[in-house]
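A quick write-up on the structure given underneath.
Read-outs: derived from the displayed coordinates by stated rules, not from any lab. Since the model is a prediction, treat every value here as computed from it, not as a measurement. Backbone-built Cβ (ideal geometry, glycine too); neighbour counts: all protein chains shown.
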Amino acid sequence: MTTVAAAARIRPKRVLPGFGLTMGVTLSYVGIIVLLPLAALVLKGAEIGPERFFAIMTAPRTLAALKLTLSAAAMATAFNAVYGLLMAWVLVRYDFPGKRILDALMDIPFALPTAVAGLALSALFAGNGWYGALLEPMGIQVIFTIWGVAFAMAFTSIPFVVRTVQPVLEDLDPQYEDAAVTLGAHPFTIFRRVVFPAILPAFMVGVTLSFARSLGEFGAVVFIAGNLPMKTEIASLLAVIRLEEYDYNGAAAIALTLLMIALVLLVASNLLQARALRYKGRGA
Amino acid sequence: MTITIAHLTRRFGETEVLRGIDLSVEKGELVALLGPSGSGKTTLLKIIAGLDWPDAGVLEVNGEDWLQKKAQDRRIGFVFQNYALFPHMTVRDNIAFGLTVRPRDTRPAPAAIAGKVTELLQFLQIPQLADRFPAELSGGQRQRVALGRAMAIAPELLLLDEPFGALDAQVRRDLRRWLREVLQQAGSTTIFVTHDQEEAFELADRVVVMGAGRIEQVGRPEEIHDHPATPFVARFLGMTVELPVTLHAGRAGAPGLDTASLPRVAMADGPAMLFLRPTDITPVPDPQGRFTVADVTSTGALLRLRLKDDLTSAEPEIEIARRLAPPLRAGARIHLRPEAGRLFPATAGIPPAVAPAIKALKESSL
Ligand SMILES: Nc1ncnc2c1ncn2[C@@H]1O[C@H](COP(=O)(O)OP(=O)(O)O)[C@@H](O)[C@H]1O
Ligand SMILES: [Mg+2]
């Protein structure tokens with residue numbers, strides 16, 4: 001009796017109850033919703049066989065779609081990297097009327113159904129739309145071109161950069177900048193040598209997510225792209241088209257390729273982050 | 001480098017954080033800004049550094065108006081309270097920072113910068129830390145690095161905000177001695193902030209006591225210790241026992257107090273307040289005494305007596321070396337013999353109800 005009581009007393013107790021249950025639910029969810037479909041996709045891809053896979057992926061139409069998707073995503077991400085950083089900076093560092101509204105606006109691309117965004121953008125850039133009416137006389141065609149695709153991608157993925165950089169910038173102790181000022185550094189130097197390195201890891205996460213999301217963006221893009229094969233057809237649309245043609249292998253091969261690109265990106269981003277954060281203490 | 005500060009004021013919204021600061025600091029001096037937390041010490045330091053700006057007042061250095069000068073151009077060495085070392089740079093890069101950000105035409109060659117950093121690392125006795133990141137350093141090591149980073153730009157003026165604030169007691173004492181030597185060798189004018197009087201007195205040539213945005217007293221450590229200028233300074237320096245007395249021909253007197261050891265003072269007759277350190281009071285057993293011992297606690301070296309003052313119903317605490325203490329138990333009656341203290345006119349000091357009671361007790365005990 002006493003030994004049982006003693007044993008019960010010294011058994012370390014978790015502070016929070018329910019570890020087993022919560023962990024179980026979480027893992028089942030990840031398994032059913034995330035891992036199983038991915039595994040199915042990989043298995044489907046493996047069924048195709050390397051030669052067939054290679055043939056699908058090197059078909060001119062597939063290559064064109066991949067090239068367009070990657071280039072447009074790169075353009076969108078480059079834009080978001082600069083503009084998102086600027087927006088986060090403005091939202092954190094300055095006080096101005098309407099700041100809270102601007103802050104709330106940053107969530108719209110996430111909250112808005114992407115099809116709605118796509119419709120709105122194509123209406124704006126159409127020849128008789130507000131922007132299109134201005135741009136087309138100047139000879140700038142956005143709708144039905146890679147520019148339109150990139151614009152739609154940038155629109156839907158800008159919050160990734162803003163919302164990852166913003167909290168880190170908010171938490172950055174102003175003492176570092178004060179210290180740099182007393183040491184004689186001028187504003188741009190302080191940004192480059194003190195502020196940017198501090199937000200770099202978060203910035204890289206934001207940029208990677210923005211790129212990954214742009215690769216997969218569908219709803220917003222298909223409305224503005226025009227979807228001309230070999231010209232403005234994105235990879236995920238091509239996968240849908242293959243599926244509608246009952247060409248399951250073709251769809252799976254394209255999907256698998258997109259999946260691999262996204263995974264490689266996430267891994268690379270994590271490695272870079274770990275490198276950027278190595279100052280947090282080695283081993284200790 | 002002579003600093004002249006006059007009528008400096010600074011407010012944040014409704015709160016007046018500095019209410020008219022006048023101070024001058026001579027070349028080569030080591031000055032301590034001593035005051036309780038919230039008294040405006042950091043704000044004053046930041047204004048001198050150019051990190052904050054006053055609402056009114058004068059800040060001149062060597063006759064030049066520094067309020068027209070950007071922080072970057074003041075060439076001040078500032079050591080922050082939490083050191084603010086750049087976390088993503090090694091110790092070496094932190095120390096080199098001030099040299100590497102100079103405009104190209106005045107920037108030393110990379111080899112010269114490396115040489116200077118190595119020299120500073122030697123001087124601060126931390127060459128083995130050169131390639132570590134701040135996260136890998138102890139508090140005391142960080143402080144040395146922060147000092148090295150500030151000294152690298154060869155500042156004529158060093159400002160240190162609570163340089164020992166983040167350290168534990170033993171490290172504090174060691175580093176204090178070390179810092180004093182370093183500063184003497186460097187020979188720069190130094191202002192440091194602290195809320196610890198021992199620190200201020202041990203390190204500084206001159207101590208500036210601040211309270212609620214004002215300078216309460218400026219003086220050499222012994223001067224301030226022995227002759228606090230205001231009741232605020234007296235209390236802040238540990239004169240926590242306050243006893244109402246009556247002055248007559250320069251001598252303080254009160255029933256139940258043996259004031260024979262106190263020197264005569266040049267003050268007008270009338271009510272006054274006697275401020276005493278708890279350790280400057282000898283308790284004397286006395287069945288007729290005015291004070292009752294409420295309880296006795298030992299801190300090892302000292303006995304701490306909490307007393308009950310029958311006259312004012314105050315509860316002063318006094319301390320006495322344990323081996324010198326008379327045998328006293330709770331309930332014993334005593335009178336007090338102050339050995340040293342400070343008198344201030346009792347303009348607002350004594351509650352009015354106490355004066356007649358003093359008179360009554362005086363008559364009954366005589
Ligand atoms: N940026 C600020 N905004 C508002 N109040 C401030 C600011 N900086 C300091 N204060 C206030 O000024 C007072 C003095 O602060 P500080 O100079 O830091 O005192 P100390 O260094 O003596 O502790 C405090 O009451 C603090 O709350
Ligand atoms: Mg302070």
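Just a few scattered comments:
- The protein assembly as shown - Debye-derived log10 I(q)/I(0), Cα point model, q = 0.05 Å⁻¹: -0.44
- Using alpha-carbon coordinates, inclination of helix B:91-100 to the longest axis of chain B, degrees: 70
- Two-site FRET efficiency, B:Asn62 against B:Phe123, from Cβ-Cβ distance with R₀ of 25 Å, rounded to 0.05: 0.40
- DSSP loop trypsin sites (Lys or Arg not before Pro) with at most 12 other Cβ within 10 Å: longest gap in chain B: B:105-263
- Gained length - A:Phe110 relative to A:Ala74, 0.36 nm times residue gap less alpha-carbon distance: 11.0 nm
- In loop segments of segment A:172-254 as defined by DSSP, the trypsin sites (Lys or Arg not before Pro) with at most 16 further C-beta atoms inside 10 Å of their C-beta are A:Lys231.
- If you run the Gaussian network model on chain A, springs between alpha carbon atoms under 10 Å, then out of A:Met23, A:Met260, A:Met138 the most flexible one is A:Met23.
- Calculated FRET efficiency for the pair A:Val25/B:Thr299, C-beta based, R₀ 45 Å, to 0.05: 0.20
- A simple spin-label model places pseudo-atoms 7 Å from Cα toward Cβ; at A:Leu263 and B:Arg235 they are separated by 7.0 nm.
- Two-site FRET efficiency, B:Ala135 against A:Val90, from Cβ-Cβ distance with R₀ of 41 Å, rounded to 0.05: 0.85
- Per-residue average of Cβ from other chains inside 10 Å of B:76-82: 3
- Computed over chain B: relative contact order in percent, which uses C-alpha pairs under 8 Å that are six or more apart: 16
- Computed over segment A:110-246, Cα set: Rg, Dmax in Å: 20.2, 68
- Angle of helix B:139-151 to the longest C-alpha principal axis of chain B, folded into 0 to 90 degrees and rounded to 10: 60°.
- Violating pairs (Cα-Cα greater than 30 angstrom) within the set A:Lys280/B:Lys116; A:Lys99/A:Lys280; A:Lys280/B:Lys41; B:Lys27/B:Lys69; B:Lys70/B:Lys116: A:Lys99/A:Lys280; A:Lys280/B:Lys41
- Shape category assigned to segment B:239-365 from the gyration tensor of Cα positions, a/c cut at 1.5: prolate
- Here each label is just a point 7 Å from Cα along the line to Cβ, and for B:Ala340 and A:Val15 those points are 4.9 nm apart.
- Each stretch of four or more DSSP H residues adds -39500 (n - 2.57); spread over every residue of the protein assembly as shown, this sum gives -14500 deg cm²/dmol at 222 nm.
- Binned Cα-Cα distances of chain A, short to long, each 5 Å bin given as a whole percent: 1, 5, 9, 11, 13, 13, 12, 10, 8, 6, 4, 3, 2, 1, 1, 0, 0, 0, 0
- The angle between the Cα long axis of helix B:169-186 and the longest principal axis of the Cα atoms of chain B comes to about 60 degrees, rounded to the nearest 10.
- Helices of chain A meeting both criteria, an alpha-carbon length of 20 angstrom or more along the long axis and an average Kyte-Doolittle score not below 1.0, with helices taken as full DSSP H segments, are A:60-93, A:146-171, A:196-216, A:248-276.
- Segment A:50-283 - percent relative contact order, Cα under 8 Å, separation 6 or more: 31
- Volume of the convex hull of chain B (Cα atoms only), normalised per residue: 172 Å³.
- Candidates A:Ala55, A:Ala81, A:Ala72, ranked by Gaussian network fluctuation over chain A, Cα under 10 Å, top entry: A:Ala55
- Long-range HN-HN contacts of B:Leu302 with modeled amide H, under 5 Å: B:Arg322
- Between segment B:124-174 and segment A:190-215, the alpha-carbon center distance in angstrom: 31
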